[in-house]
1. Scan the stretch 739-762 for residues that are of a type in the set (A, V, I, L, M, F, W, C), part of a helix (DSSP H, G or I) and closer than 18 Å to V707 by Cα and report the count.
2. List the pairs whose first member sits in the stretch 908-923 and is within 16 Å of Y893 (Cα to Cα) and among the hydrophobic types (A, V, I, L, M, F, W, C), whose second member is surrounded by fewer than 20 Cβ atoms within 10 Å (Cβ to Cβ) and at pLDDT 95 or above, and whose Cβ atoms are under 7 Å apart, counting only residues at least 6 apart or on separate chains?
3. Among R665, R701, R655, which is the only one that is at pLDDT 95 or above and of a type in the set (K, R)?
4. How many residues does the stretch 212-242 hold that are assigned to a strand (DSSP E or B) and aliphatic (A, V, I, L, M)?
5. Do you know which of the residues in the stretch 316-349 that are within 14 Å of R295 (Cα to Cα) and among the charged types (D, E, K, R) is nearest to the chain's Cα centre (by Cα)?
6. Restricted to the stretch 972-1001, and to residues that are of a type outside the set (S, T, Y) and not in a helix (DSSP H, G or I), which residue is surrounded by the most Cβ atoms within 10 Å (Cβ to Cβ)?
7. Using beta carbons and a limit of 9 Å, which pairs, at least six apart or on different chains, have the first residue in the stretch 337-351 and acidic (D, E) and the second one surrounded by fewer than 22 Cβ atoms within 10 Å (Cβ to Cβ) and assigned to a loop (DSSP other than H, G, I, E, B)?
8. Considering only the stretch 357-366, I want to know if a residue exists there that is modelled with pLDDT of 90 or more and buried (at least 17 other Cβ atoms within 10 Å of the Cβ).
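The values are calculated or read from the model by the stated rules, or taken from the named source; none is laboratory data. A quick note: this is a predicted structure, and the numbers were derived from the prediction, not measured. Counting neighbours? That spans all protein chains shown, and the Cβs are built from the backbone with ideal geometry, glycine included.
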Amino acid sequence: MLAIAGNPLGPVARGKRHVADLARDLGARPRHRPASAAFRLLGLDLRDRIALGARTQARVKVRNPELDPLRHGLVGGERMTERVAGDRVAAHSHQELELGLRCPITDRELALAKRDDSGTEPLARWSSRFVVARQRSREGSVPVCGRGGAQQVLVAIARTHHAHRTVTTPRCEARSPAVCDAGHMTQGPRVSLNDVTDAQRLALRRAARNGEYHLLLGAGASMDSTSHTGVSLPGSKKLIQQLCDAFDVPNEQGDLLWRIYDRAVEAAGESRVYSWFRERFWGVKHPYWMEYYARSPWATVWTLNVDDTFESAHTAVAKETSRQVQVLNWDDSFRQGRSLNVVHLHGVVDTEDPRKLVFSLSEYAVSAASRAAWPVNFHDSYGNSPFVILGARLRDEPDIESVVSRRHPTHAAPSFYVARTISRAMHADLTRWGLIPVEMTAEDFVLEWGELTGLDLEHDLGAELELGIRIGQQFTELKSTSSPVPAGHDFLGGDEPHWTDIQNGLAAELEWVTKATLDCNQIGRSLQKSTVIAYTGRRLTGRSTGLLQLGEHLRKASWRTFRFRHEGRIDVEALLAFAADGKALALLFDGAADIADDLDRLATEARLSGASVACVVVDDSARESNILGRISGSNLAHARVAGINGRLSRTDAARLVDTLERVGRLGILEGRPDPARLAHFKGHDLFDAMAQLENAPGFGRRVEHLVQELKDTQALRATLVASYASLVNRRLLVIDASRMIGINSDELVRRIQDDPRLASLVSTDGTDVRTRHRWLALQPTVERMGIDSAAEMLRNAVRSVSSRLNQKSLRERNPTALLVGSFMSHRNLNEAFPGADLDSWYTSLVDVFGSWSARYWEQRAILARRNSRSDANLLAKAESFSLRATELVADTYSFTTLGTVLLEKASRVPFDVHTYYERGLSAFERAASLDASSSNVVTWIAFLRYATKVLERISSDHSKGVGAPDLEDLWGTVRGDWRRTYAQLALLGTASDHVKRDLQKLRQDFESLPLPPDPDDGSSPDSAGG
């Protein structure tokens, strides 16, 4: 409580500022803080996907520079003395938080160093006492001379004060008696941010610095903005009057804005009204405090306004390392790249051509019925992610209130509703809806927000923090601190590996991991400082576990180690900038074929800049060609992709036995002699051998019983979708899973948390949905639902998220696009739903994907081509489908598919072999020309495979004496093309065990063709370069 001459002032923010202003007028000076020693904060905490913060209240211990290499940007292991608890909120106000400079944290434990204000005489700034429960060193006594003599006045002293800052709300004494009573609100209970619990504060910090918070701006957020002519933006009443005057429409008492807008449109037309709005609401000058909001890292900014207040503020504070803003109208196509999306849910006037605005009731109805991507995405995000709602009168926004009132936030970080005044009834509603009501101006709240998050929003966050936010959106840093695991997690029982399992020594080091470790040790010696170490293997061979083991090895060797979370295209620029000052980065990728071209670019540019960026990749053997074809040999360690053994060696068996014995998990091998223990594993599949030890559910032995115990359809659907996502090795977001299942995202999270039966099969961290036992629940779930019903459910699931899919989302490779693309793969569908009518399945989705998705038509072409084995007439459909794909998107994939279809037709009677072979070869050549890589492995291996079938037909026709008279010439032509292609690919055989085996099989098929070559035809593939 502040007091002057015994007169209390309540906790109204403006009252505090009045006292601080008075103190400055009287010549008050804040207490000096000595300028901190010059040091460089290089720790970037990406485990929580954050970086250096700015917090002037924390005391920083600056260590001896000779002992702390972090201060000089050197990369070093994390010492015990550096493992501080993190940037926690102190439990009591008398406690002062002290942080040490250290390597930053990782995924779920927040710890940020501060960026101190080194000014010798910081100016005063208002500061609330509502927020952080810790000692404040910003209060000082000021002598005030009055009639009774000098008195001591306690005032709030803070860091800075903007001279242009003006009072935007009336002071308490200017309010009516109904509003103010000795400084306290009687209209409704004023909310103190002290009501936020310690757990919520910590979750808030993590979420805010991770960029997980969403910002929703209402009309109140633009009230202090001015138009480009310097006129203040009108409120609702003024806007009504201006519309009436501009378009000569009547205004009756009680008319709302939407009705006046509707009359204006009827009178003048949408185009004129839109131009009128654009003239007044675009190119605005923002209030200074909006820059603070623009500096805070948001997941998405949603606004109900047509103006560009936020965009203007962001432009004013943006730096080279900042995310770019992407302005989106409510009906724009979905996109989720590295830019900061600013979504105008009721329209935006950023273009000369009229956009669709949402003002009138009819426009609200059109927006609701359209199922446009962004309103749907707002619905799915709210409740699942934390929000700050700023200056929005929900009662006047029926579409927004319908979402907010029906959802209950499930995120550990609290959501806030901030308004200048909040009635008692509204306060009760907000509390019931799970929001924290905060009666405060937007200007004042942003200062509190800076205190809560520990971010100095009054200054630039700094390049390190900006880069950290960008990198943290895609990567999780692996650190020595343990990360939480789901309840009941059992790695040795078959559950997916977690970082904690590796830290606890539960994983045996298989031989391939030992070899990869030796490669890691050679980085910067016999291997380039920036290189890609790639291993591929079959499912269930320990790929993911081995990758984490390599991450632990690299972290102990002083590399900053990060794991990719499959969030779209790699932010190459941010990684290069972060590594530019000497940091050694190790990046782990569990599946990288989709982003192999980004890895190639990253390794190339890092090597040219002298940076140390090591990429360690594991993937499925079937995708090895995609990696080899898109990462140049000069960027691959030893210029090759190494393989993971499918069977355990004797060394593997011995290490497994030793590990299991150490932790007491030998199961049925307990008591058996060593030779019997070794024999159980040697030469066998890792997963099968482990499954026999304890009959644990993670190995599938009891998963069928768990599926049978599910009680309702929604639980079955959740299990089906999650298991299928695991089968195709794709990330399943909560917002995607909830829409696929048909429930709200917050409800899905609560179902998984509260239903023990469902929780025994799937888990969630609030962002992703994962299976506990990989894809092992898929088959029993499909069997229980029935193949046709399960396939139909998946079809509806794909349709439900289609609003988030378009060609741009495919290019961005965001999680939803990759997930649906893999869901719709013919190969995956055939494996998950054997015997299902997939042609009908694809046909039923033509209205969703037919007009834009080349991948959709490719899969239909592949299906028809495969089914043509029993009906050659289907090749006509396959050709049409593949041609449609090339018309929609002319790329390597579509032309490769077309080439395979045309060569398949060339190999089949009654199609003309000459015509279709020439067309097919042209399609393959076009595919190769569109591929940015030079090897084109996938394309040309497909050519060899289908050209062999063409040779088989020529051989058959020759033996039967049928076909064209120049059949032998065609034989020589095709054979020559085959040999030349093989010779080029054979050079890559040493770069990949999988490709080498494929080439060997293709050569065997080629050499086994019965028709002997023409005497002038040369020799075998060996002499042709093989």
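1. Here is the first cut: in the stretch 739-762, the ones of a type in the set (A, V, I, L, M, F, W, C) are 740-741, 743, 748-749, 752, 758-759, 761-762.
Then drop every residue that is not part of a helix (DSSP H, G or I), which leaves 740-741, 748-749, 752, 758-759.
Next, only the ones that are closer than 18 Å to V707 by Cα stay: 741, 748, 752, 758-759.
Residues flagged as of a type in the set (A, V, I, L, M, F, W, C), part of a helix (DSSP H, G or I) and closer than 18 Å to V707 by Cα within the stretch 739-762 amount to 5.
2. Sorted first by the residue in the stretch 908-923, then by its partner, the pairs are L921/D977.
3. Numbers: R665 fails: at pLDDT 95 or above; R701 fails: at pLDDT 95 or above.
Step by step, each of R665, R701, R655 is checked, and only R655 is at pLDDT 95 or above and of a type in the set (K, R).
4. First, pick out the residues of the stretch 212-242 that are assigned to a strand (DSSP E or B): 214-217, 226, 232.
Still in the running and aliphatic (A, V, I, L, M): 215-217.
Residues meeting the conditions: 3.
5. R323
6. Taking the stretch 972-1001 and keeping what is of a type outside the set (S, T, Y), we get 972, 974-980, 983-989, 991, 993-1001.
This time we only want the ones that are not in a helix (DSSP H, G or I), so: 987-988.
Working: L987: 12, L988: 22.
Per the criteria, the residue is L988.
7. D350/W282
8. Restricting attention to the stretch 357-366, the residues satisfying the condition of being modelled with pLDDT of 90 or more are 357.
Keeping just the survivors that are buried (at least 17 other Cβ atoms within 10 Å of the Cβ) gives 357.
For the stretch 357-366, residues modelled with pLDDT of 90 or more and buried (at least 17 other Cβ atoms within 10 Å of the Cβ): present.
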